[in-house]
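Note sheet for the following structure.
The values are calculated or read from the model by the stated rules, or taken from the named source; none is laboratory data. Note that the structure is predicted; figures quoted are calculated from it, not measured. Methodologically, a virtual Cβ is constructed for each residue, glycine included, from the backbone with ideal geometry; neighbour enumeration extends over all protein chains shown.
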Amino acid sequence: MYSTVLIIHSWLRWVALALAVIATLSALTTQTRSESPADRWSLFAMIALDVQMLIGLILYFALSPFTERAFTNFAGAMQNPQLRFWAVEHITAMFGAVVVAHVGRVLARKARTPASKRMRLLVCFGLATVLMLLATPWPGMANGRPLFRL
């Protein structure tokens, strides 16, 4: 079960990351309408982030041997960089990305002008994208994972 959920989480990362980048780039383009492509892309990105977070939480609380080991001795896990990454750093940054994306959507909906809506989407989804890039376990890093799991 762990392997299957991990594969889904790994592949969905590309969808969530791509949609966050597209939402950010879409917000960069000049929008003069109240309903813009950036609105749709940010909604799709937010949905992908929510699904990714749900699968990640299932891994975190129920299936991952890393977090299971970390929860048995949390003080000891903080001394181990690999366990600390999975138990604290990864989930905190990714949760932050999801929160920032949601806040960006709410702030954009409440914006009075299309320019302020665009700026709010740009800042929030740009920040969410940066958080996702920083907390992803890229190959070659100490906690690196393969780009594509099979």
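Here are some notes:
Results for (1) farther than 30 Å from PHE74 by Cα; (2) in contact with a helix residue (DSSP H, G or I) (Cβ under 7 Å, 6 or more places away or on another chain); (3) free of Cβ contacts under 8 Å to residues at least 12 places away in the same chain, shown as yes or no for each residue.
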residue	(1), (2), (3)
SER3	no, no, yes
LEU6	no, yes, no
HIS9	no, yes, no
ARG13	no, yes, no
ALA16	no, yes, no
LEU19	yes, yes, no
PRO37	yes, yes, yes
PHE44	yes, yes, no
LEU54	no, no, yes
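Here is a yes/no grid of residues against (1) touching a residue at least 12 places away in the same chain (Cβ under 8 Å); (2) touching a helix residue (DSSP H, G or I) at 6+ places or on another chain (Cβ under 9 Å):
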position: PRO65; (1), (2): yes, yes
position: ALA70; (1), (2): yes, yes
position: ASN80; (1), (2): no, yes
position: ARG112; (1), (2): no, no
position: SER116; (1), (2): no, yes
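- Residue that is modelled with the lowest pLDDT, among those in the range 106-134 that are surrounded by fewer than 20 Cβ atoms within 10 Å (Cβ to Cβ) and closer than 19 Å to ILE47 by Cα: ARG109
- Among residues of the range 1-46 being small (Gly, Ala, Ser), under 26 Å from TYR60 (Cβ atoms) and surrounded by fewer than 17 Cβ atoms within 10 Å (Cβ to Cβ), the one that is modelled with the highest pLDDT is ALA18.
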